Amino acid sequence: MRNIFILMVLTVFSFAIEQKFLDPEEAFKPKFEKFDDRIVFTLELGKDMYLYDERLKVNILKPKKIDITKLVVLPDAVNYEEFVVHFDNLNLNIPFDLLQSQIKSNEYELEVQFQGCSKAGLCYAPMSEKYSFSVNSSVPDAKTINTALISEDISESDSITSTL
């Protein structure tokens, strides 16, 4: 009986030595990039990693907390072992127009929450990445444009032409 126990312990120990799990920093490499009209969030997955679709969340944190996950275009997920997951690197485009439609501001803080696992069986704790940035407000909105057109001294036909 003692020999069987020792054999079982050695088998489990040898299996544990063979498994090399990635550190969280290697398993998930997040990056935010700001462009003229959008923020792009990229999450590079390590070898044999996947993300849980239900744990993927996109939030505006500042100036006010708003969950915008359903408004952001997410890549297609697949079924895997009773879960809905993402196997490919994640690329999320978050347009400034979307942010402005939720809350008007020049200053924002975004948060992307995620959780993933290794195909070898190790699941990582939930993680999040935050990014603060300013939006250039030099482009007038439609209200400003309409007000400017009305305030000018123009004929009725010119007004209709410019509106069209």
So is LEU51 farther than 18 Å from VAL135 by Cα, among the aliphatic types (A, V, I, L, M) and in contact with a Leu (Cβ under 8 Å, 6 or more places away or on another chain) or not? yes
For ASP76, work out the one condition from (1) touching a strand residue (DSSP E or B) at 6+ places or on another chain (Cβ under 8 Å); (2) outside any strand (DSSP E or B); (3) open to solvent by 70 Å² or more (accessible area, probe 1.4 Å) it doesn't fulfil. (1)
Selection status of LYS70, open to solvent by 80 Å² or more (accessible area, probe 1.4 Å), at pLDDT 95 or above and outside any strand (DSSP E or B): yes
I'd like the full set of residues that are acidic (Asp, Glu) and loosely packed, with under 13 Cβ neighbours inside 10 Å, limited to region 107-137. GLU107
Within region 47-59, considering residues that are farther than 23 Å from ASN106 by Cα and without any contact (Cβ under 8 Å) to a residue 60 or more places away in the chain, the one least open to solvent (accessible area, probe 1.4 Å): LEU56
Here is a list: GLU54, GLU33, GLU44. Which entry is part of a helix (DSSP H, G or I) and modelled with pLDDT of 95 or more? GLU54
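The values are calculated or read from the model by the stated rules, or taken from the named source; none is laboratory data. A quick note: this is a predicted structure, and the numbers were derived from the prediction, not measured. For neighbour counting, all protein chains shown are included, and Cβ atoms are generated from backbone atoms with ideal geometry for every residue, glycine included. All accessible areas refer to the heavy atoms of the entire protein, side chains included, with ligands and DNA or RNA removed. Shrake-Rupley method; radii C 1.70, N 1.55, O 1.52, S 1.80 Å.
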